[in-house]
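S.K.: Have a look at this one before I ask anything.
The values are calculated or read from the model by the stated rules, or taken from the named source; none is laboratory data. A quick note: this is a predicted structure, and the numbers were derived from the prediction, not measured. Ideal geometry is used to build each Cβ from the backbone, glycine not excepted, and the neighbour counts take in all protein chains shown.
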């Protein structure tokens with residue numbers, strides 16, 4: 001009988017370490033789910049301002065976080081709470097501090113209460129205004145409200161890494177890049193892929209061949225309407241087939257994975 005991926009992972013790690021990792025992942029997914037459910041209650045009962053939450057994406061975002069390395073950058077959207085928890089750049093306390101618009105930057109480091117909840121960011125500057133070593137931390141650009149607005153920024157972050165990689169004069173700037181060996185991670189909902197900014201970024205990324213990984217979270221709905229009212233063929237990866245990498249290495253890799261069950265109760 002072929003050994004399962006879980007069994008292979010257990011054999012490759014110390015079993016106790018593997019057990020702790022699995023339990024920690026399960027705990028993190030549950031905490032994030034409960035934060036979503038509680039936060040939605042607070043909004044619907046008028047105790048908090050408008051809120052958007054990331055329930056249903058916990059397991060996939062934990063898996064994505066395991067590939068996110070120090071020096072990498074995120075340019076994402078407002079349902080990335082589990083991912084931010086998983087990379088250690090947010091937590092439940094900070095999440096609710098933003099929901100209640102707490103102006104204390106220590107309690108709400110993403111925006112000091114200035115942004116809508118689910119708008120994440122990491123701070124690139126120290127208190128004295130000097131730059132942090134971005135290669136030793138997991139980074140996130142500051143989220144913005146316009147849907148698909150994160151896409152051009154994602155492209156810029158990936159393009160910057162490529163410039164560092166091919167320009168030796170920039171290699172001495174070790175606080176910003178490890179010789180361009182970073183990846184820009186982007187997230188977007190399937191409804192926002194209808195925006196022009198998404199298609200412009202997708203096209204430019206294929207032309208420039210930049211180190212960029214985009215996750216499109218396809219829920220079948222865009223806020224309140226079915227995908228059939230906003231996406232041709234009701235599947236964005238079908239639309240993007242023409243961009244898929246060919247035998248000449250042109251284009252980029254497109255992967256599809258089933259997320260069934262992720263939106264159910266944990």
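S.K.: Go through the residues of the stretch 71-83 one by one and say whether even a single one is in contact with a strand residue (DSSP E or B) (Cβ under 8 Å, 6 or more places away or on another chain), surrounded by fewer than 22 Cβ atoms within 10 Å (Cβ to Cβ) and within 18 Å of residue 134 (Cα to Cα).
M.R.: So in the stretch 71-83, the residues in contact with a strand residue (DSSP E or B) (Cβ under 8 Å, 6 or more places away or on another chain) come out as 71-77, 79-80, 83.
When the remaining residues are screened for being surrounded by fewer than 22 Cβ atoms within 10 Å (Cβ to Cβ), the result is 71, 79.
Okay, now just the ones that are also within 18 Å of residue 134 (Cα to Cα), so 71.
Scanning the stretch 71-83 turns up at least one residue that is in contact with a strand residue (DSSP E or B) (Cβ under 8 Å, 6 or more places away or on another chain), surrounded by fewer than 22 Cβ atoms within 10 Å (Cβ to Cβ) and within 18 Å of residue 134 (Cα to Cα).
S.K.: Only one of (1) within 20 Å of residue 120 (Cβ to Cβ); (2) without any contact (Cβ under 8 Å) to a residue 24 or more places away in the chain is not met by residue 219, so which one is it?
M.R.: Result: residue 219 fails condition (2) only.
S.K.: Looking at the stretch 103-116, can you tell me whether even one residue there is more than 27 Å from residue 177 (Cβ to Cβ) and in contact (Cβ under 8 Å) with a residue 24 or more places away in the chain? Please lay out each step first, then the result.
M.R.: Keep residues of the stretch 103-116 that are more than 27 Å from residue 177 (Cβ to Cβ), which gives 103-104, 106-108, 112-114, 116.
From the residues that got through so far, the ones that are in contact (Cβ under 8 Å) with a residue 24 or more places away in the chain too are 116.
The answer is yes; a qualifying residue exists.
S.K.: Continuing with the same structure: For residue 177, work out the one condition from (1) more than 30 Å from residue 126 (Cβ to Cβ); (2) surrounded by 16 or more Cβ atoms within 10 Å (Cβ to Cβ); (3) modelled with pLDDT of 90 or more it doesn't fulfil.
M.R.: (1)
S.K.: So, residue 107, is that one more than 17 Å from the chain's Cα centre (by Cα), surrounded by fewer than 16 Cβ atoms within 10 Å (Cβ to Cβ), modelled with pLDDT of 95 or more and over 29 Å from residue 193 (Cα atoms) or not?
M.R.: Criteria met by residue 107.
S.K.: Something else: Restricting to the stretch 127-144, count the residues that are modelled with pLDDT of 95 or more, assigned to a loop (DSSP other than H, G, I, E, B), more than 17 Å from residue 52 (Cβ to Cβ) and out of contact with any strand residue (DSSP E or B) (no Cβ under 7 Å at 6 or more places or on another chain).
M.R.: Within the stretch 127-144, residues that are modelled with pLDDT of 95 or more, assigned to a loop (DSSP other than H, G, I, E, B), more than 17 Å from residue 52 (Cβ to Cβ) and out of contact with any strand residue (DSSP E or B) (no Cβ under 7 Å at 6 or more places or on another chain) number 6.
S.K.: Going residue by residue through the stretch 171-185, is there one that turns out to be touching a residue at least 24 places away in the same chain (Cβ under 8 Å) and in a helix (DSSP H, G or I)?
M.R.: Taking every residue of the stretch 171-185 in turn, none turns out to be touching a residue at least 24 places away in the same chain (Cβ under 8 Å) and in a helix (DSSP H, G or I).
S.K.: In the stretch 248-266, how many residues are modelled with pLDDT of 85 or more, surrounded by 14 or more Cβ atoms within 10 Å (Cβ to Cβ) and assigned to a loop (DSSP other than H, G, I, E, B)?
M.R.: 2
S.K.: How many of the residues making up the stretch 46-83 are in contact with a helix residue (DSSP H, G or I) (Cβ under 7 Å, 6 or more places away or on another chain) and either within 19 Å of residue 150 (Cα to Cα) or not in a loop (DSSP other than H, G, I, E, B) (or both)?
M.R.: 19
S.K.: Follow-up question, since we're still on this one. Considering the stretch 205-247 alone, what residues qualify as being at pLDDT 95 or above, out of contact with any strand residue (DSSP E or B) (no Cβ under 7 Å at 6 or more places or on another chain) and crowded, with 16+ Cβ neighbours inside 10 Å?
M.R.: Listed by number, the list holds a single entry, 210.
S.K.: Another question, then. How many residues, within the stretch 84-93, are assigned to a helix (DSSP H, G or I), touching a helix residue (DSSP H, G or I) at 6+ places or on another chain (Cβ under 9 Å) and surrounded by fewer than 20 Cβ atoms within 10 Å (Cβ to Cβ)? Spell out how you get there, then give the answer.
M.R.: The first filter runs over the stretch 84-93 and keeps only residues assigned to a helix (DSSP H, G or I), leaving 84-86, 92-93.
Among the residues that remain, those that are also touching a helix residue (DSSP H, G or I) at 6+ places or on another chain (Cβ under 9 Å) are: 84-86, 92.
Within this subset, residues satisfying the condition of being surrounded by fewer than 20 Cβ atoms within 10 Å (Cβ to Cβ) are 92.
Number satisfying all stated conditions: 1.
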